[in-house]
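Accompanying notes for the structure given below.
Since every read-out is calculated from the coordinates, none of them should be taken as a lab result. Remember, it's a predicted structure, so these values are computed and weren't measured experimentally. No Cβ is skipped: glycine too gets one built from the backbone with ideal geometry, and neighbour counts run over all protein chains shown.
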Amino acid sequence: MNVIDLVRLFAESLDVGVLLTDAQLNQPGPRILYANPSFARMSGYAASEVIGQTPRILQGQGTSREGTRQVQRALRAEGHFLGCLQNYRKSGEAYLCEINVRAIRRLDGEPEAYIAFEREVVRRRGRPTRGGAGRYRPVEETASDIFLSDRIPGLG
Ligand SMILES: Cc1cc2nc3c(=O)[nH]c(=O)nc-3n(C[C@H](O)[C@H](O)[C@H](O)COP(=O)(O)O)c2cc1C
């Protein structure tokens with residue numbers, strides 16, 4: 001099973017947005033290999049529209065250049081990044097997005113791909129609550145269950 005199929009299996013029903021990209025950080029990369037339904041609901045782009053594109057399509061006027069440089073620096077230096085960026089939906093509406101990106105490494109240690117977990121932040125200030133309640137916009141509909149038996153012969 002390749003990395004795209006593996007990520008699809010666990011990410012399809014998650015209520016956090018998931019983006020998988022290739023490991024090419026230089027323009028025109030990174031290229032999106034997979035986006036889950038929660039990412040599609042949050043961004044307004046269908047998964048089929050973003051595959052082959054770069055996550056830079058989510059950027060706009062209000063996106064901090066310093067923030068995106070930090071993503072680049074952190075991924076190159078450490079292989080991970082956690083922070084908030086101003087993203088834009090397909091409709092043009094801005095949303096604050098907490099982005100947690102990690103490298104998926106090959107056995108030789110080189111990144112094979114990057115995976116991002118993305119959530120819209122609706123409340124940044126105030127006392128933190130257990131489990132981050134109220135901080136993130138809840139997902140509007142739950143994705144339908146994945147039936148493993150539909151995808152992997154012999155399972156389920
Ligand atoms: C998996 C992954 C997800 C990303 N998601 C976003 C995102 O939601 N919004 C954003 O502005 N940049 C995102 N980026 C960062 C951009 O793709 C790009 O790396 C960043 O703009 C720095 O490169 P640049 O300086 O060439 O623009 C993501 C990167 C990766 C690897």
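Annotation: Cα Rg of the stretch 71-119 relative to the compact-globule expectation 2.2 N^0.38 Å equals 1.33.
Of the residues ILE104, GLY83, SER64, the one whose Cα sits farthest towards the positive end of the charge dipole of the stretch 62-106 is ILE104 (charges of +1 on Lys and Arg Cβ, -1 on Asp and Glu Cβ, taken about the Cα centre). Pairwise Cα distances in the stretch 40-127 exceed 15 Å for 63 percent of all pairs.
Between ARG137 and ASN26, the FRET efficiency estimated from the beta carbon spacing at R0 = 41 angstrom works out to 0.80.
Rounded to the nearest 20 debye, the dipole size of the stretch 30-126 about its Cα centre is 260 debye, using +1 on the Cβ of Lys and Arg and -1 on the Cβ of Asp and Glu.
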